[in-house]
Amino acid sequence: MIVKNTERGYGWKQTIQWILFALLIFVCYVLMSAGSGVKPLLLIPLALCISAHTGEIPATAVGVICGLLIDLSCDKLLGFNAIWLVVCCVAVSLLHSYLLQEKLLNMLLLTGICTAVQGYVDFVFYYAIWGLEDVGLIYRHIMLPSGIMTMISLIPIYLIVRQIALRCGSRRHFELEKTIVRES
């Protein structure tokens with residue numbers, strides 16, 4: 001009886017959590033799409049932070065959705081960023097499940113790696129491969145500032161996602177509580 005009540009409560013908390021995550025994704029997409037100029041890729045740190053608190057399957061879905069939204073907001077080939085972000089999100093989910101603790105420093109490192117590789121691949125396939133003149137200027141004045149702003153934006157995104165995950169509970173905490181209730 002106690003387990004059913006906790007499962008029902010956990011289900012509601014998870015529903016609220018995913019609604020809040022969807023709202024965050026929408027807000028970050030709107031911020032990325034609004035205006036012109038150099039902007040941070042807000043969906044990369046958001047997708048990685050959400051993936052750190054979920055399993056591999058939800059992390060894959062978050063990676064696909066956020067990657068496609070990045071492609072749409074940056075006018076890139078549809079699926080270009082989605083493929084890379086799925087790989088990053090699943091890797092972050094697995095690393096946080098089996099190896100890493102939930103700390104800001106770990107997320108900074110993982111986001112830095114993901115952003116750097118994404119920026120480099122984007123630069124090579126959209127600018128350098130075509131032999132454009134002064135591609136170094138594009139890298140210095142667009143790609144590098146965008147990457148730095150993405151890293152800085154990780155801090156508030158990490159804190160918001162962490163608070164949502166703590167208030168709504170994670171799958172690992174729920175399974176542990178369920179095991180403890182059955183044993184007693």
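The values are calculated or read from the model by the stated rules, or taken from the named source; none is laboratory data. What you see is a predicted model, and the numbers here were worked out from it, not measured in a lab. So basically every Cβ, Gly included, is an ideal-geometry build from the backbone, and we count neighbours across all protein chains shown.
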Taking the stated definitions as given, is LEU69 within 18 Å of MET149 (Cβ to Cβ), part of a loop (DSSP other than H, G, I, E, B) and either aliphatic (A, V, I, L, M) or more than 13 Å from the chain's Cα centre (by Cα) (or both)? no
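With the condition being modelled with pLDDT of 90 or more, I'd like the helices (runs of 4 or more DSSP H) fully within region 76-184 carrying at least 3 qualifying residues. Outline the logic, then answer.
Working: elements: 80-98, 104-126, 135-138, 144-168, 171-183.
In region 76-184, 80-98, 104-126, 144-168 are the helices (runs of 4 or more DSSP H) which contain 3 or more residues that are modelled with pLDDT of 90 or more.
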Taking region 3-61 as the search range and keeping residues that are within 18 Å of the chain's Cα centre (by Cα) and among the aromatic types (Phe, Trp, Tyr), which one is surrounded by the most Cβ atoms within 10 Å (Cβ to Cβ)? PHE21
Cβ-Cβ below 9 Å, separation at least six or inter-chain, first residue in region 15-41 and under 20 Å from ALA61 (Cβ atoms) and at pLDDT below 95, second surrounded by 13 or more Cβ atoms within 10 Å (Cβ to Cβ) and of a type in the set (Lys, Arg): which pairs? MET32/LYS39
Confirm whether CYS74 is in contact with a Leu (Cβ under 9 Å, 6 or more places away or on another chain), surrounded by fewer than 19 Cβ atoms within 10 Å (Cβ to Cβ) and either more than 17 Å from CYS49 (Cα to Cα) or touching a residue at least 60 places away in the same chain (Cβ under 8 Å) (or both). yes
